[in-house]
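Read through the structure below, which is laid out as structure tokens, and then see the notes.
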Amino acid sequence: MDKNRIYIFDTTLRDGEQSPGASLSISEKVEIARQLEKLNVDIIEAGFPVSSPAQFEAVQLIANEVNVVVAGLSRAIEKDIKSAYDALKHGKKPRIHTFTSTSDIHILGKFGDERYGKSLAEKRKTVLKMTYDAVAYAKSFTKDVEYSAEDAGRTDIGYLVDIVETAIEAGATTVNIPDTTGYTFPSEFGAKIAELKRRVKNINKAIISVHCHNDLGLAVANSLAGIENGARQIECTINGIGERAGNASLEEVVMALKVRKDLVKYFTKIKTEEIYNSSRMVSSYSGIVVQPNKAIVGDNAFAHESGIHQDGMLKNRQTYEIMQPETVGVPKTKIVLGRHSGKHGLKSRLIELGYHLQVKELSDIYEKFLILADKKKEIYDDDLRILMEESSIKFAASSYELDYLQIHSGTNSIPTATVRIKTEKGMLQESATGDGVVDATFNAIERALNTKVSLESYFVRSVTSGRQALGEVIVKIKKDDVTFTGRGISTDIIEASAKGFLQALNHQEQYFKAKEELPNSYLSEISQAV
Ligand code: KIV
Ligand code: ZN
């Protein structure tokens, strides 16, 4: 093993999916996992199997599909660990990832009950034992076990030394040090890793991993400080998505190491040319838009606006460019398809963009491609990504589908909408008025489905260029403090709005159905645990 090699543990499908409002269907997760394999990540954390039947199925499908280490998360509870193993067991390289909370704040908050001990010292002992038992139990299933000390960033260093030593003694081969709340400073976090390396007696039997959140915008800096002090695995996500302000962004840590190889000797095996495709796929499937000024993958990351900069670039690219867009897969020239492009041409471009196609799916996409090509003369990569996204929306199990939409509006008339919705129970049709056509459409849908939801946000943008551009609408609705997202795409913004609203309602419906099928308060127990 090269001592300077950094392992990339991608948690887009687990921590990333915990981003508020992000929700990926099972088929979208599998597609992303295939792209992560192309990107050559070392480990894919595919989900939290015990948390829902859909999570279990996604982890299982991914473990069976890819030739990469696949991790499943579990609390330090036997049923979670067993469920993680059951989901992973037919895969080629299963890793069970289990965790306990180790900071005093977490211990007192989560283990307040006296059965865990009366004093903090007693409770800490209980957590130490839980850690040992959980890792040893996981080890009885697979040799590849990762342990995480949740909120390690705020954990007392003496206790963290004991916990990490115990986890390694029980068989952990990777010990992860998360800065769960994104609280630490790079110098402080780096010192913590150095201290663990110095004080944990059996530390050479495991790889130290870092998992940094971005609450203070320091996740990437902290991850780099971690590796400079002995960590050899970085946990990160595509586009930096994740809980609250997100996780360390994969593209940023990887490119920082690559661009500054004059300064640091560490390297990853990431195929950086696949970064851009991965970023676009995750953004379109998750509905989380990449900010234009985002490092490496934002629309403006390689744009040079001012005259002085443009002039400098024309004379010598290096004046204002520290890396070339091609190294991260940003296309130099845009490939255009059109109505005369054949099925074969479409297929090969989609494969280049990272998609994987079944024969039937290709025919379906090709039909949609021809319809779009009739409306829009030139079809760009972003149009193709949208077509794929649309088809994955349709392939996801959905209970409601828009069958028909008619709107009436004008400067002097009351906006009115009529919708017909295909449901498992048959067609439902209703009309309603509203403050504008979007409001009228949402009111008509609510009336047809006999429901009322609180609209959290409504976002519309053009995702491709030209007058016939495709518009994307992202709708967030909230029920019982849970947010659900829906996306709709069409050249017609009102139709896109109706589709997005219905998709959010479908996610809401699926969530509450799954919740009914699970034992009491299981989901809330889980959301508290992570
Ligand atoms: O942020 C965190 O502490 C986590 C752990 C479960 C690894 O996501
Ligand atoms: Zn996390």
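Points worth noting:
- Selection count where residues are of a type in the set (D, E, K, R) and near ligand 1 (Cβ under 10 Å from one of its atoms), scope the stretch 88-102: 0
- Qualifying residue in the stretch 41-56 (condition: away from ligand 1 (no atom under 16 Å from the Cβ), modelled with pLDDT of 95 or more, closer than 21 Å to Phe484 by Cα and in a helix (DSSP H, G or I)): yes
- A residue that is away from ligand 1 (no atom under 16 Å from the Cβ) and either open to solvent by less than 20 Å² (accessible area, probe 1.4 Å) or among the β-branched types (Val, Ile, Thr) (or both) can be found somewhere in the stretch 13-26.
- Picking from residues in the stretch 77-106 that are hydrophobic (A, V, I, L, M, F, W, C) and surrounded by fewer than 23 Cβ atoms within 10 Å (Cβ to Cβ), the one that is nearest to ligand 2 (Cβ to nearest atom) is Ile105.
- Checked against the criteria, Asp80 counts as within 27 Å of Ile177 (Cβ to Cβ), within 16 Å of ligand 1 (Cβ to nearest atom) and in contact with a strand residue (DSSP E or B) (Cβ under 7 Å, 6 or more places away or on another chain).
- Taken over the stretch 45-63, the criterion of being under 17 Å from Tyr285 (Cα atoms) and open to solvent by less than 20 Å² (accessible area, probe 1.4 Å) is satisfied by Ala46, Gly47, Ala58, Ile62.
- Residue check for Ala225: within 16 Å of ligand 1 (Cβ to nearest atom) and touching a residue at least 24 places away in the same chain (Cβ under 8 Å): no
- Against the criterion of being open to solvent by less than 60 Å² (accessible area, probe 1.4 Å), at pLDDT 85 or above and away from ligand 1 (no atom under 16 Å from the Cβ), Ala514 does not qualify.
- Screening the stretch 285-300 for residues that are touching a residue at least 40 places away in the same chain (Cβ under 8 Å) and either closer than 14 Å to Glu326 by Cα or surrounded by fewer than 23 Cβ atoms within 10 Å (Cβ to Cβ) (or both) and picking the one that is nearest to the chain's Cα centre (by Cα) gives Ile288.
- Among the residues of this structure, Ala172 counts as one that is under 25 Å from Val70 (Cα atoms), open to solvent by less than 40 Å² (accessible area, probe 1.4 Å) and either outside the structural domain of Arg95 (by TED's automatic domain parsing) or more than 16 Å from ligand 2 (Cβ to nearest atom) (or both).
- Filter pass, Ala138 being among the hydrophobic types (A, V, I, L, M, F, W, C), within 16 Å of ligand 2 (Cβ to nearest atom) and open to solvent by less than 50 Å² (accessible area, probe 1.4 Å): no
- Ser74 being of a type in the set (Ser, Thr, Tyr), open to solvent by 10 Å² or more (accessible area, probe 1.4 Å) and in contact (Cβ under 8 Å) with a residue 60 or more places away in the chain: no
- Selected residue (only one of Lys192, Lys197, Lys201 is of a type outside the set (Phe, Trp, Tyr), touching a Ser or Thr at 6+ places or on another chain (Cβ under 8 Å) and open to solvent by 10 Å² or more (accessible area, probe 1.4 Å)): Lys192
The values are calculated or read from the model by the stated rules, or taken from the named source; none is laboratory data. What you are looking at is a predicted structure, and each value in this text was computed from that prediction instead of being measured. Cβ coordinates were reconstructed from backbone atoms using ideal geometry, including for glycine residues, and neighbour counts include every protein chain displayed. The accessibility values were calculated without ligands, DNA or RNA, using every heavy atom of the protein model including side chains. Shrake-Rupley method; radii C 1.70, N 1.55, O 1.52, S 1.80 Å.
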